[in-house]
Amino acid sequence: MKKLPAEFEQRIRQTHADAQEFLDAISNEPFYSIRLNTRKPAQLSLDLSDRVQWCDDAYYLSTRPNYTLMPEFHAGAIYPQEASSMFLRTIFNNINSELPQQPIVLDLCAAPGGKSTLVAQFLNGRGLLIANEYIRSRAWILAENVTKQGFANTMITNGDAASFAQLGAMFDVVLIDAPCSGEGMFRKDDVAIAEWTPANANMCANRQREIIENIADSIVEGGYMIYSTCTFNPAENEENMQWLLDNYDFENIQIPISENSGITTLHFKNGEGYAFYPHKVRGEGFFVCVMRKTSGRKRKQLKLPKMQKGLASNNIINSDSYNFYIIDNKQIAIPNETSETAVALSSALRPLRMGIEVSEVTRKGDAPSPTLPLSLAFNHESLPLLNVDRDAALKFLHGDALASAELPQGWFVVQHNGLALGLCKSVGSRANNYYPKEWRIRSNV
């Protein structure tokens, strides 16, 4: 049995009639689950017969695979994600009819990218998703994971909640997966247990209110706030949601819950949220609540900065559906419907990545971007393709050079079972590897 903090255990015993069952479950083995990227069909040697009830295309696994040694993971065809947090799909299914045709969505605390990639797949090219992470090192991890999924309508930023306040009412949906005391991770993370204290939990609750306060006015009238944590602490969950209702013009939105889901509806004074308890669901601890802005400003008109236009590229399918720009010596493609919004926001937010990086503009001419083949908009007929087996794919992902007498000449795409992995450029019988250095597998393959 895990040794749990005494104060935590006492609170659970005081608030849960089935406290012993609750506490015992924290010592059980965690559940493993993945979500498929249906836009990148993969040949997987995994048993996908046990579906996650509240999320399409998500499945439980009996054991945790070594994702590092799965080319499908690096290609963005699968994403390992904790099952409880994938309830976000059910929430979006329920609010979808109320969203505009081209919604602007902000995932405020997005790293490492589970919820962002889920939302990107749900939007499937509609609107604009801004995935933000305050800690810069984690923001680059977020950028990698979102880029590999291949969606063009995304932007990765590295700011705090206050940096979005300057934009005024802007977002149709804001996700706040708030930094929390991590009680819901106790089953799978002993560090979370070691770092937990009542003082830290109180600090988290106060910090969460500060985040909410900074972002509340950035949601347009009729827009949604989806607030979540991975903790059981009422001060960080339903009490913060009641505080929001007491101080801002929001109303609580109820989400239908299946009777056999194991999800617990938590009622508070003016609303309800949804709790995922370790002894009731096949997932880790999680809380989520949905709010809608009842009054406020409409989205203001953004000023378009001067931006150098690029040229359409035959490396992109249906290139007339995109606007092309030159940003920091890179040619970027952004879907027509949201390109002006993305460009205007980029002036204020200075994103780490946005749209599709099509090519790098150099004095010697344009070179295809190393991440281009991962885009869903990549034209696979524009460059030669080299299909490799699993061992060769892992060596490529490790950063090794390819050597063969049958290599395509010039730039070519390395793929495994039809999934693009990245770029090489042949020089004689040898091919230089252009897979991004920061993405490479560091262990022996």
*How many of the residues making up the stretch 1-26 are assigned to a helix (DSSP H, G or I), small (Gly, Ala, Ser) and exposed (fewer than 12 other Cβ atoms within 10 Å of the Cβ)?*
1
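Residues checked against (1) β-branched (Val, Ile, Thr); (2) in contact (Cβ under 8 Å) with a residue 24 or more places away in the chain; (3) open to solvent by less than 20 Å² (accessible area, probe 1.4 Å):
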site: 42; (1), (2), (3): no, yes, no
site: 49; (1), (2), (3): no, no, no
site: 56; (1), (2), (3): no, yes, no
site: 86; (1), (2), (3): no, yes, yes
site: 89; (1), (2), (3): no, yes, yes
*Among what's in the stretch 113-139 and is of a type outside the set (S, T, N, Q) and on the phi > 0 side of the Ramachandran plot, pick the residue that is surrounded by the fewest Cβ atoms within 10 Å (Cβ to Cβ).*
125
*Across the stretch 358-389, what is the total count of residues that are within 21 Å of residue 75 (Cβ to Cβ), without any contact (Cβ under 8 Å) to a residue 60 or more places away in the chain and open to solvent by less than 30 Å² (accessible area, probe 1.4 Å)?*
7
*Looking only at residues in the stretch 64-117 that are of a type in the set (Gly, Ala, Ser) and assigned to a helix (DSSP H, G or I), which one is nearest to the chain's Cα centre (by Cα)?*
116
*How do the pairs read when you match residues in the stretch 426-445 that are over 12 Å from residue 395 (Cβ atoms) and assigned to a helix (DSSP H, G or I) with residues anywhere that are open to solvent by 60 Å² or more (accessible area, probe 1.4 Å) and not small (Gly, Ala, Ser), using Cβ under 9 Å and keeping only pairs 6 or more apart or on different chains?*
438/140
*asked:* Where the second residue is part of a loop (DSSP other than H, G, I, E, B) and among the polar types (S, T, N, Q) and the first is in contact (Cβ under 8 Å) with a residue 40 or more places away in the chain and lies in the stretch 150-164, which pairs have Cβ atoms under 6 Å and are six or more apart or on separate chains?
replied: 150/375
*Of the residues 313, 347, 339, which single one is open to solvent by less than 20 Å² (accessible area, probe 1.4 Å) and in a helix (DSSP H, G or I)?*
339
*Answer yes if at least one residue in the stretch 319-337 is of a type in the set (Phe, Trp, Tyr), under 20 Å from residue 124 (Cβ atoms) and touching a helix residue (DSSP H, G or I) at 6+ places or on another chain (Cβ under 9 Å), and no otherwise.*
yes
*asked:* For the stretch 424-445, which positions are more than 19 Å from residue 68 (Cα to Cα), open to solvent by less than 20 Å² (accessible area, probe 1.4 Å) and hydrophobic (A, V, I, L, M, F, W, C)?
replied: 424, 431
*asked:* Name the residue that is nearest to residue 340 (Cα to Cα), counting only residues in the stretch 140-166 that are open to solvent by 10 Å² or more (accessible area, probe 1.4 Å) and part of a loop (DSSP other than H, G, I, E, B).
replied: 152
_As an exercise: evaluate residue 97 against (1) within 25 Å of residue 274 (Cβ to Cβ); (2) open to solvent by 10 Å² or more (accessible area, probe 1.4 Å); (3) in contact (Cβ under 8 Å) with a residue 24 or more places away in the chain and give the number of the one condition it does not meet._
(3)
*Identify the single condition in (1) within 24 Å of the chain's Cα centre (by Cα); (2) under 23 Å from residue 24 (Cα atoms) that residue 255 does not satisfy, given that it satisfies every other one.*
(2)
*Do we have any residue at all in the stretch 216-237 that's modelled with pLDDT of 95 or more, open to solvent by 30 Å² or more (accessible area, probe 1.4 Å), at positive phi and outside any loop (DSSP other than H, G, I, E, B)?*
yes
_Tell me the residue from 192, 169 that is among the aliphatic types (A, V, I, L, M), in contact with an Asp or Glu (Cβ under 8 Å, 6 or more places away or on another chain), in a loop (DSSP other than H, G, I, E, B) and open to solvent by less than 20 Å² (accessible area, probe 1.4 Å), please._
169
*Those residues that are within 16 Å of residue 319 (Cβ to Cβ) and not in a helix (DSSP H, G or I), I need them from the stretch 361-408; list them, please.*
366, 368, 369, 375, 376, 377, 378, 379, 380, 381, 382, 383
*Take the residues in the stretch 326-336 that are without any contact (Cβ under 8 Å) to a residue 60 or more places away in the chain and not in a helix (DSSP H, G or I), then tell me which one is farthest from residue 100 (Cα to Cα).*
329
*Just to be sure, is residue 265 of a type in the set (S, T, N, Q), modelled with pLDDT of 95 or more and crowded, with 16+ Cβ neighbours inside 10 Å?*
no
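The values are calculated or read from the model by the stated rules, or taken from the named source; none is laboratory data. Note that the structure is predicted; figures quoted are calculated from it, not measured. Backbone-built Cβ (ideal geometry, glycine too); neighbour counts: all protein chains shown. We work out accessible area using only protein heavy atoms, side chains counted, and drop any ligands, DNA or RNA first. Shrake-Rupley method; radii C 1.70, N 1.55, O 1.52, S 1.80 Å.
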